[in-house]
Amino acid sequence: MKLAILSCSPKCYSTTRLREAAEARGHKVKVLNTLKFAIDVAQGDPDLYYRSKPLSHYDAVLPRIGASITYFGTAVVRQFEQMDVFVANSSNGISNSRDKLRSLQILSKHHVGIPETTFVRDRTDVLPAIERVGGAPVIIKLLEGTQGVGVILADNTKVAEAIIETLQSARQNVLVQKFVKESKGRDVRAFVVGDRVVGAMRRIAQGTEFRSNVHRGGRVEPVTLDEQYAETAVRAAQIMGMKVAGVDLLEGKDGPQIMEVNSSPGLQGIELATGLDIAGAVVDYIAAQVSFPELDVRQRLTVSRGYGVAELRIPEGSDYVGRTIVDSGLRERDINVLTLARDTTIIPNPNSSRVLEPGDRLLCFGKLESMRDLVPPKIRKARRPKVKNLPPEDRDSDSQN
Ligand code: ADP
């Protein structure tokens, strides 16, 4: 395989280890400076230039995009995607991972643990939001902080309110998050490659510090994750569209709580803590997957008029309960079952002899009209009455013409 590692730090530990691991396995590898690309956008002919010359062919790309160059870096990765080159982390995945709110919003729809979090803007929403996440002590986070900067533990509600107002007046977006007390001063970093955790470590804060970031003096120790933690980490990376990810989890009393999914996880800490060849695992995975570049499934499956993807639910007492997929008649109605989700398990390409159970969720591709009666009705939540607002100013338009 010919591999490009996109990096602005060719000499750093992570890049060096990845390059060496690829070379040791007989692959061709180049470290390309992400900022030296030019992106040519033309109909049917997406192209890339590197240091002003047309880029030669690569089979795979491993993006290592730092937070300071997210916009340009993800544009380069997106261009490789348009050129059907395998990329280890999708441009969408990288963009999503850079915003703590966006990541948690995406994760919240799935069966993975996350700390209760709220995002508010209006002053009057601050106090109720603190209460909704369990009251003080409470965690306040800047949306785009890294290495523990911008993560504050507020001991009481008054202080929390004051901090939030101060940050908001400085035009900072902040999250209010439940303080997972039982995990105070420690968290777990799971290094996910594809569908497994290839190494994990626990980070333990120094003294009375509640943040366990190594940059804040935290120490690390290797840890073997139980199945629940490992599965949560892998699911989180998959949901976020990442094949190589550093998933940070808190050890809550009810199990793992995902804090963050990092798209350019450092290798130094984890390799030193675990003694494992993480770089080798990354390269082996990419080499095995190189024939399967990212496809935008939604884009490709909804091109035929009247066809699309839907999640169908088998309700209690429905005629489908107790029938096999083949006897369900779905296929005859032009519906294909892609996956079957039962509780927290997802069965890809379920066997046609599998018996349907109440509560099963079937991800299907097929004729929309045929699927209509199996799409679960929207459950409406009881809402508190809305406070009447003053006549609105137009604050929504991007521009005033
Ligand atoms: P960063 O991306 O800046 O590292 P994190 O969200 O990972 O920010 O938070 C930094 C550290 O603060 C974590 O490693 C963890 O030790 C601690 N922490 C963050 N959120 C919580 C929380 N909700 N409850 C308890 N500790 C937390």
Can you tell which of 144, 161, 182, 131 is under 27 Å from residue 225 (Cα atoms) and either charged (D, E, K, R) or in contact with a helix residue (DSSP H, G or I) (Cβ under 7 Å, 6 or more places away or on another chain) (or both)? 182
Hey, can you tell me all the residues within the stretch 272-310 that are open to solvent by 90 Å² or more (accessible area, probe 1.4 Å) and not aliphatic (A, V, I, L, M)? 292, 298, 299, 300, 305
Would you pick out the residues in the stretch 70-89 that are open to solvent by less than 10 Å² (accessible area, probe 1.4 Å) and more than 16 Å from residue 49 (Cα to Cα)? 86, 87, 88, 89
Could you tell me how many of the residues in the stretch 248-297 are β-branched (Val, Ile, Thr), modelled with pLDDT of 95 or more and over 17 Å from the mean Cα position of the chain (by Cα)? 6
For the stretch 194-212, enumerate the residues that are farther than 21 Å from residue 276 by Cβ and within 22 Å of the chain's Cα centre (by Cα). 211
In the stretch 196-222, anything surrounded by 14 or more Cβ atoms within 10 Å (Cβ to Cβ), near the ligand (Cβ under 9 Å from one of its atoms) and closer than 15 Å to residue 267 by Cα is listed as 203, 213
Among (1) within 16 Å of the ligand (Cβ to nearest atom); (2) open to solvent by less than 10 Å² (accessible area, probe 1.4 Å), there is one condition residue 193 misses while meeting the rest; what is its number? (1)
How many residues does the stretch 27-69 hold that are polar (S, T, N, Q) and surrounded by 20 or more Cβ atoms within 10 Å (Cβ to Cβ)? 1
Which of (1) part of a loop (DSSP other than H, G, I, E, B); (2) within 27 Å of the chain's Cα centre (by Cα); (3) more than 30 Å from residue 295 (Cα to Cα) is the odd one out, the single condition residue 112 does not satisfy? (3)
Has the stretch 174-186 got at least one residue that is in contact with a Ser or Thr (Cβ under 8 Å, 6 or more places away or on another chain), closer than 16 Å to residue 216 by Cβ and near the ligand (Cβ under 7 Å from one of its atoms)? yes
Here are some conditions: (1) in contact with a strand residue (DSSP E or B) (Cβ under 8 Å, 6 or more places away or on another chain); (2) touching a residue at least 60 places away in the same chain (Cβ under 8 Å); (3) open to solvent by 10 Å² or more (accessible area, probe 1.4 Å). Residue 24 meets all but one. Which one does it not meet? (1)
Restricting attention to the stretch 128-157, which residues are more than 29 Å from residue 215 (Cα to Cα) and surrounded by fewer than 16 Cβ atoms within 10 Å (Cβ to Cβ)? 128, 131, 132
Which listed residue is over 24 Å from the mean Cα position of the chain (by Cα) and modelled with pLDDT of 95 or more, from 31, 61: 31
Taking the conditions exactly as written (among the polar types (S, T, N, Q), within 18 Å of residue 267 (Cβ to Cβ), assigned to a helix (DSSP H, G or I) and out of contact with any His (no Cβ under 6 Å at 6 or more places or on another chain)), does residue 68 satisfy them or not? no
Filter result for the condition that a residue is more than 29 Å from residue 284 (Cα to Cα), more than 8 Å from the ligand (Cβ to nearest atom) and open to solvent by less than 80 Å² (accessible area, probe 1.4 Å), over 167, 225: 167
Odd one out for residue 97 among (1) within 15 Å of the ligand (Cβ to nearest atom); (2) over 20 Å from residue 233 (Cα atoms); (3) modelled with pLDDT under 95; (4) open to solvent by less than 20 Å² (accessible area, probe 1.4 Å): (2)
Leading residue by the ranking (least open to solvent (accessible area, probe 1.4 Å)) among those in the stretch 103-117 that are away from the ligand (no atom under 12 Å from the Cβ) and at pLDDT 95 or above: 107
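The values are calculated or read from the model by the stated rules, or taken from the named source; none is laboratory data. Being a predicted model, the structure only gives us computed values, none of them experimental. Counting neighbours? That spans all protein chains shown, and the Cβs are built from the backbone with ideal geometry, glycine included. To get the accessible areas, we keep the full protein, side chains included, count just its heavy atoms, and leave off ligands, DNA and RNA. Shrake-Rupley method; radii C 1.70, N 1.55, O 1.52, S 1.80 Å.
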